[in-house]
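In what follows, a single structure is set out as structure tokens and then discussed.
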């Protein structure tokens, strides 16, 4: 099974970082967040990746083309690239990585549609290249198989980004709640799809995956919801990238299951 990683957006809410590189290449603990995401999959047996590149996608291509040299000692005769000799193995040697250019302005549904040839009619997963979780891939797949529908969407209850204020009927404040966990469930990415999903993605360059395609699946009762009660943190803002780095350097990163 392949994991399809959406890594082509422009990350406009993180201009401090994304002016110079694609958001999935923003580093957490000295490694791109994309690498952390791939480690979550690989540790649980999914080592075949398709990366949907777009904005500044050449940086993603360069990173994986030069991965061995960047992560091991090597010897090279300058001027003769074929002489490159890698001296040490790295832990990601069994990964298969396809980097596909899915366009600069393509929206998420269109990016998935454009990589259909790389998943070859098999069940596959899709997630965003900027969110981390301690999700159990085997449990998610087992849930998907039990309900037998075209897709499964993991859901989480996020922490509120704002502190909340309780006000009593007399107009007086009765309690402050500092960023509590919300009661509503939101999509966490890490989708599981059967090949039939592509029938819902035709001519979808300007569609968001969670808009028309997944709404159609839901209307046709073809979308299961797997509830994840563990850690999930997107990286939509510069502050959230700092938060993920704080987790990492504290030695208590919840998504580090390797």
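Quick note: the coordinates plus some simple rules give every number you see, no bench work behind them. Every value quoted in this text rests on a predicted model; they were computed, and no experiment measured them. Here the Cβ positions follow ideal geometry from the backbone for every residue, glycine too, while neighbour counts run over all protein chains shown.
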Burial-style ranking of 2-15, 68-81, average other-beta-carbon count within 10 Å with highest first, yields 2-15, 68-81
On each of the three principal axes the extent of the alpha-carbon atoms of region 194-257, given in whole Å and largest first, is 45, 25, 18
In Å³ per residue, the alpha-carbon convex hull of region 66-106 encloses 121
Rounded to the nearest 10, the angle in degrees between the Cα long axis of helix 33-43 and the longest principal axis of the Cα atoms of the chain comes to 90
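If you take every DSSP beta bridge whose two residues both sit in the chain, what share of them, in percent to the nearest 5, is antiparallel? Write down the numbers at each step before the final one.
Numbers: 20 of 42 bridges.
For the chain, the DSSP antiparallel bridge percentage is about 50.
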Checking 206, 175, 44 against a Gaussian network model of the chain (alpha-carbon springs below 10 Å), the top fluctuating residue turns out to be 175
Calculated from DSSP helices alone, with each H run of at least 4 adding -39500 (n - 2.57) and the total divided by the residues of the chain, [θ]222 nm to the nearest 500 comes to -7000 deg cm²/dmol
Most exposed to least, judged by fewest other Cβ atoms within 10 Å, 83, 136 sort to 83, 136
Taking region 83-142, the equivalent ellipsoid from its C-alpha gyration tensor has semi-axes in Å, biggest first, of 26, 20, 13
What one gets for region 1-73 as the Kirkwood radius, inverse of mean 1/r over different Cα pairs in Å, is 12.9
In degrees rounded to 10, the 0-90 angle between helix 238-249 Cα long axis and the longest Cα principal axis of the chain is 70
Of the convex hull drawn through the C-alpha atoms of the chain, the volume per residue in Å³ is 165
In degrees rounded to 10, the 0-90 angle between helix 137-147 Cα long axis and the longest Cα principal axis of the chain is 60
Scoring the chain by relative contact order with C-alpha pairs under 8 Å, at least six apart, yields a percentage of 25
Ranked output for segments 45-51, 94-100 by mean other Cβ atoms within 10 Å, highest leading, reads 45-51, 94-100
For region 50-200, the Debye formula with one identical point scatterer on each Cα and no solvent gives log10 I(q)/I(0) at q = 0.14, 0.18 Å⁻¹ as -0.92, -1.17
Placing one equal point scatterer on each C-alpha of region 29-132 and summing with Debye, one gets log10 I(q)/I(0) at q = 0.10, 0.23 Å⁻¹ equal to -0.34, -1.38
For the pair residue 157 and residue 120, the simple spin-label estimate (label points 7 Å beyond Cα toward Cβ) gives in nm 4.2
Counted neighbours (other Cβ, 10 Å), sorted fewest up, put 258, 232, 248 in the order 258, 248, 232
